[in-house]
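Just so it is clear, none of the values below were taken in a lab; they were calculated from the coordinates. Note that this is a predicted model, so its numbers are computed, not measured. Glycine also receives a Cβ, built like all others from the backbone with ideal geometry; neighbour counts cover every protein chain displayed.
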There are 2 protein chains.
Amino acid sequence: MNVMNDSPRRKELTRQAAQLFVQEGFDRTTVRMLAQEMGIKSGSLFHHFRDKQEILTAVIEEGTQNALVIAKAALEQCDNTAESRLQAMARAHLETLLTDRNAHVVALYEWRRLDPEARDHLSHLRDAYEALWEAVIDEALGAGLIHGDRFLVSRFVMGALNWTVRWYDPAGPRSPDDLAHELVAMITHRPA
Amino acid sequence: MNVMNDSPRRKELTRQAAQLFVQEGFDRTTVRMLAQEMGIKSGSLFHHFRDKQEILTAVIEEGTQNALVIAKAALEQCDNTAESRLQAMARAHLETLLTDRNAHVVALYEWRRLDPEARDHLSHLRDAYEALWEAVIDEALGAGLIHGDRFLVSRFVMGALNWTVRWYDPAGPRSPDDLAHELVAMITHRPA
DNA sequence: CGTTTACACTAGCGCTTGCTTGGTTGACCC
DNA sequence: GGGTCAACCAAGCAAGCGCTAGTGTAAACG
């Protein structure tokens, strides 16, 4: 009936779906709601996506891929010191949350709604992103910038950062750069 | 039709509901699934709870209230130094996650499914719990144990701790006490 | 020109959902 | 031993769900 390409039309529909998934949650978002948001009828939706699950997969894939690209770019541009790289990763993470918020909230909250195949496929992407973090944290440990268990420290840092979607207000006085500074200062124990 | 008491029967049913909510998510858990898990028929369920929403409220209320009690007890029992109190709170938080895991996972993941009235009621409970944390972090800041912005530090710490439900394996080699030590060491920059 | 392709539509099927209704059971009470 | 009451059940309703089938249409292609 349809194709699974990545046309610009499909990208736009995916973006709109992400918005609804954040507002309502995946399960409560009906195909009729999605269709209305997209300005088409519910039946037409299945020309672009095989089923509702595939929309969720598309949203999360898009968001994770962007995060990976942005993080890699940030690492390439920054100074080659452990502290700069740590800071660059933290800032990139927060900026991603700012510009691509919907997709990331969906990835965090609705991961469990993915069917096993999609989860398997996407977990490779996520692992690649987390591998970047672990490398940077390894450098920071090696440079004596931070101390402790490699596994635990990276989990704690990821937790602190991911939790920001719950409370961070982009319209507030704090910039992603501020937050990144403060976080790095906290774990390296140097003045912000 | 029924009452909204807190009978032991209702407590037990609430505990079983929490289990299912964790496995399937709130929206995907049907009243028929809940009833089967409880060993009754779906209609009988509405003798104990007004509607499905009220079950969710009961689960989250129970879990948050327990966390509050445990945290208060931990603070009363520990030494009166800033570091001990910080450690005690972290350990209490993780132990709660261990013993009462289901209810807390539900509180973290399904908070948005609450209707506005229930959310309003429960947010007071949660605020009371977070106030404990902020007080302890204030002490640590005052004692020079940690540095930085009061608001940001407490959010970062809460994030790191709450994120543990995603990866922490109670059957693994690390105890809640280990994790609490490691976290406090990370932010106070002292050897674990 | 006729054919194909992309995208949208209308209509509705088969099923599940949360919840209601009206009635039964058995333990306890004066 | 009649009355009370919490606890449960069988049956089913109205609404909503994901998804399909078949069709229309306008642009692109050979």
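Structure values in brief
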quantity	calculated
Equivalent ellipsoid semi-axes, region A:39-175, via Cα gyration tensor eigenvalues times 5, rooted, Å	32, 17, 13
Exposed-site-free run, longest, chain A (rule: trypsin sites (Lys or Arg not before Pro); DSSP loop; at most 14 other C-beta within 10 Å)	A:51-192
GNM top mover of B:Gly148, B:Gly172, B:Gly159 - chain B, alpha-carbon springs below 10 Å	B:Gly172
Shortest-first nm distances, A:Ile40 label point to equivalent points in other copies (7 Å, Cα→Cβ)	4.6
Alpha-carbon Debye profile of the protein assembly as shown, log10 I(q)/I(0) at 0.07, 0.08, 0.11 Å⁻¹	-0.36, -0.47, -0.88
Tilt relative to chain B, helix B:52-77 - C-alpha long axis, 0 to 90 degrees, to 10	30
Centre separation in Å (Cα based) which lies between region B:64-113 and region A:48-76	35
Spatial separation of Cα centroids for region B:139-177 and region A:132-192, in angstrom	12
Rounded tilt (10° steps) of A:150-167 against the dominant C-alpha axis of chain A	50
Positive-end residue, region A:53-188 charge dipole about Cα centroid, Cβ charges, pick of A:Gly148, A:Leu125, A:Ala73	A:Gly148
In degrees, nearest ten, helix A:116-142 long axis to first principal axis of chain A (Cα)	10
Distances in nm from A:Arg112 to the matching label points in the other copies, shortest first (labels 7 Å along Cα to Cβ)	1.4
Residue among B:Trp133, B:Trp167, B:Trp111 with the largest mean-square fluctuation in a Gaussian network model of chain B, springs linking Cα atoms under 10 Å	B:Trp167
Solution diffusion estimate, µm²/s, Stokes-Einstein, region B:58-133, Kirkwood Rh from C-alpha pairs, 25 °C, viscosity 0.890 mPa s	190
Shortest-first nm distances, A:Val165 label point to equivalent points in other copies (7 Å, Cα→Cβ)	1.5
